[in-house]
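Data block below; observations after.
The values are calculated or read from the model by the stated rules, or taken from the named source; none is laboratory data. As the structure is a prediction and not an experimental result, all values here were calculated from the model. Here the Cβ positions follow ideal geometry from the backbone for every residue, glycine too, while neighbour counts run over all protein chains shown. Just so you know, the surface numbers come from the protein's heavy atoms only, side chains and all, with ligands and any DNA or RNA stripped out. Shrake-Rupley method; radii C 1.70, N 1.55, O 1.52, S 1.80 Å.
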Amino acid sequence: MAGPYPVPNATIPYWRTELHELDSHRSTVELPKKQDIVIIGAGFAGAALAHYLLKDNPSKPSITILEAREACSGASGRNGGQLRASRFANVARNMQAWGLETANQVALFEVANAQAIAALVAEQHIACDLRAVTTADVFVDAAEAAKITRLWDAMSRLDCPTLRDVTCHGPGDAAERATGVKGAKVAFAYESYLMWPYKFVMHLLAGVVGKGKGKGGEGGVNLQTHTPVHEVSETPDTEGYWTVATSRGAVKARKVLFATNGYTGGLLPEYDDAIYAARGSVARVVSTSSSSSSPPAPAFDSCGLDSKSPATVDSYFGTRADGSLIVGGARSAYIQDRSQWYRNFDDSTLIAPAVPFFEGWARKTLVGWDGESTGTVESVWTGIMGYTADDAPHVGLVPAKPGLYICAGFNGHGMPNVLLCAKGLAAMVRDGATFADTGIPACYETGAARLRKIAEGAAARTTGRARADIYLKYQSGC
Ligand SMILES: Cc1cc2nc3c(=O)[nH]c(=O)nc-3n(C[C@H](O)[C@H](O)[C@H](O)COP(=O)(O)OP(=O)(O)OC[C@H]3O[C@@H](n4cnc5c(N)ncnc54)[C@H](O)[C@@H]3O)c2cc1C
């Protein structure tokens, strides 16, 4: 297997310090020989697909989930903990790239995802520290702040439903006063959520496996961790079964669902241009001061700090109830050295230049976090995102391979996207729904024409043009 593939001995994220009993679970000693459905990947997408394939389903299919490492050990277990449906800055970026209608569709879909997660958490009492918070798109660069403010004024006159819930602070000193972010020139604040994604995903998995702490689940799924898939056959056999070859033998399945995110190209080479691994980094920052001189809690519990352009999030943070901060991004520290991140799927090592960035981050960024009352890095880790060449996830039928489906390529922004993508794809797999029936934004639909366009673009770029897709895509999580 040439890769990308999940590597052993991954760095340990804060979110994986309280492991669920199913973390290294194998439902059976041997792999089943034949299944109705095999899901590859036990991250958010894999768990959510299984959840919706079984939910209220009287004729339950046999399902096996194959996971290369531990459950939820990919991006879903090592992200920034932001469930942040973008209501402004990303909408502006998407409007420029795709037009207003599509930008609005995506923004409303993200809001619906966040609401669906909140409803599921409430309904099933999922202990995943979900908190409703205020977040803000914060701009610290004067020129960028002026540019985004002009865009804000223009978009306020258009039909942008999600902008109605956004409050603009600034331009000027008001932004720093409102957000507590040093040097903020303008900030756009709205409702968002923070959560412990691993605990949420493990609850979904426990529900489908029918064991552990998950409640309200349907049970019966065979979960096989530490079982890397090496290959999926090019064609089904004469009985219509695809062969999924693993390190522990083969499983045959009528339908195979790829929930493999940044690793998809390792199993489906036709997606190699469309979805590529991109390494990112997150740190947990704690205050260094004694309790008598603790730095002030940030005014907002979450912010995305745009420091270069409306298309860029250089760093972002979310608070924890214990006063620590989860800080992600740091791209400016290493973006020029492409070997650190581009098609880099090694989350067993750190991005070295990101570490000093995180060490100095609180002092540089937050009002009152100076002198002795500053922050220091308690832990730092890496994770692999699935960046897509055209910025949209891939959901639907794998072209020319009936029975294979994909739900992957969430671009460092999966938390407000995965759940309803998985729900829609599950409806296609189990009920024969069409993509259009699912309510997923049309630009997320995978297909032959989309892959061809991407491949042609990649070919054009390799014959001399700049990899605009890579240089413009400058967001890492949140
Ligand atoms: C550093 C970082 C920070 C992020 N911050 C945020 C954030 O704050 N907010 C947000 O919305 N999003 C964030 N994201 C993105 C978000 O985490 C992802 O979009 C989301 O978790 C994707 O879920 P997934 O299930 O598709 O992928 P993953 O969680 O990566 O799951 C894919 C699974 O497939 C398995 N797999 C792959 N290949 C094989 C194989 N051959 N055989 C068997 N198993 C295989 C992997 O081991 C993995 O467990 C961040 C991501 C990273 C890496």
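Which entries of LYS185/LYS453; LYS423/LYS453; LYS60/LYS453; LYS34/LYS199; LYS55/LYS401 have Cα-Cα distances beyond 32 Å here?
Details: LYS185/LYS453 39 Å; LYS423/LYS453 27 Å; LYS60/LYS453 38 Å; LYS34/LYS199 30 Å; LYS55/LYS401 26 Å.
From the list (LYS185/LYS453; LYS423/LYS453; LYS60/LYS453; LYS34/LYS199; LYS55/LYS401), the Cα-Cα distance tops 32 Å for LYS185/LYS453; LYS60/LYS453.
Which whole-number percentage describes the relative contact order of the chain, with Cα contacts under 8 Å and a sequence gap of 6 or more?
On the way: 1087 pairs, mean separation 104.5, N = 478.
Dividing the mean separation by the residue count of the chain yields 22 percent.
Is the C-alpha gyration tensor of the range 49-109 telling us rounded, prolate or oblate? Criteria: a/c under 1.5 is rounded; beyond that, a/b larger than b/c is prolate, otherwise oblate.
Working: a/c = 3.28, a/b = 1.72, b/c = 1.90.
Oblate shape, in that a/c is at least 1.5 and b/c is the bigger or equal ratio.
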> Accessible area of GLU231, 1.4 Å probe, to the nearest 10 Å²?
Replying inline: 120
> Ignoring ligands and nucleic acids, what accessible area does GLU30 show with a 1.4 Å probe (Å², nearest 10)?
Replying inline: 130
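Which order do you get for HIS51, HIS169, HIS125 if you rank them by accessible area with a 1.4 Å probe, largest at the top?
Details: HIS51 20, HIS169 50, HIS125 155 Å².
So the residues, ranked largest to smallest area, are HIS125, HIS169, HIS51.
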> Running Debye on the range 95-178 with equal point scatterers at the Cα sites and no solvent, what base-10 log of I(q)/I(0) appears at q = 0.19 Å⁻¹?
Replying inline: -1.00
> Pairing the Cα long axis of helix 354-365 with the longest principal axis of the chain, what angle in degrees results, from 0 to 90 and rounded to the nearest 10?
Replying inline: 40
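Magnitude of the Cβ-charge dipole of the chain, K/R +1 and D/E -1, about the Cα centre, nearest 20 debye?
On the way: 46 positive and 47 negative charges, 63 e Å.
That gives a dipole near 300 debye.
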> Which order do TYR52, TYR387 take when ranked by solvent-accessible area (1.4 Å probe, heavy atoms of all protein chains), largest first?
Replying inline: TYR52, TYR387
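Keeping all protein chains in place and using 1.4 angstrom, which order do VAL140, VAL327 fall into by accessible surface area, from largest down?
Working: VAL140 50, VAL327 0 Å².
I get VAL140, VAL327, largest accessible area first.
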> Just going by the charge dipole of the chain, with Lys and Arg at +1 and Asp and Glu at -1 on Cβ, which of CYS443, ALA118, LEU257 is farthest out on the positive end?
Replying inline: LEU257
> To the nearest 10 square angstrom, how much accessible area does CYS168 have with a 1.4 angstrom probe?
Replying inline: 40
>> Averaging over every viewing direction, what projected area does the convex hull of the Cα atoms of the chain cover, in nm²?
In response: 21.7
>> 7 Å from Cα along Cα→Cβ at both ASP165 and THR134: what's the point-to-point distance in nm?
In response: 1.5
>> If I model the range 126-223 as equal point scatterers sitting on the Cα atoms and use the Debye formula, what is log10 I(q)/I(0) at q = 0.16, 0.20, 0.23 Å⁻¹?
In response: -0.72, -0.91, -1.09
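Once every DSSP H run of n ≥ 4 in the chain is given -39500 (n - 2.57) and the sum is divided by its residues, what mean residue ellipticity at 222 nm do you get, rounded to the nearest 500 deg cm²/dmol? Could the numbers behind the result be given before it?
On the way: 10 runs with 126 residues, N = 478.
That calculation yields -8500 deg cm²/dmol at 222 nm.
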> Using the beta-carbon distance between GLU234 and GLU123 and R0 = 30 Å, what value does 1/(1 + (r/R0)^6) give for FRET efficiency, to the nearest 0.05?
Replying inline: 0.10
> Taking the Cα-to-Cβ direction at ALA154 and at THR376 and moving 7 Å from each Cα, how far apart do the two end points lie in nm?
Replying inline: 4.8
>> Ignoring solvent entirely, what values of log10 I(q)/I(0) come out of the Debye formula for the range 273-389 at 0.23 Å⁻¹ when each Cα is a single scatterer?
In response: -1.32
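Please report the projected area of the range 165-204's Cα convex hull averaged over all directions, in nm².
Details: hull surface 15.7 nm².
Projected area, direction-averaged: 3.9 nm².
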> To the nearest 20 debye, what is the magnitude of the charge dipole of the range 125-257 about its Cα centre, counting +1 on the Cβ of each Lys and Arg and -1 on the Cβ of each Asp and Glu?
Replying inline: 440
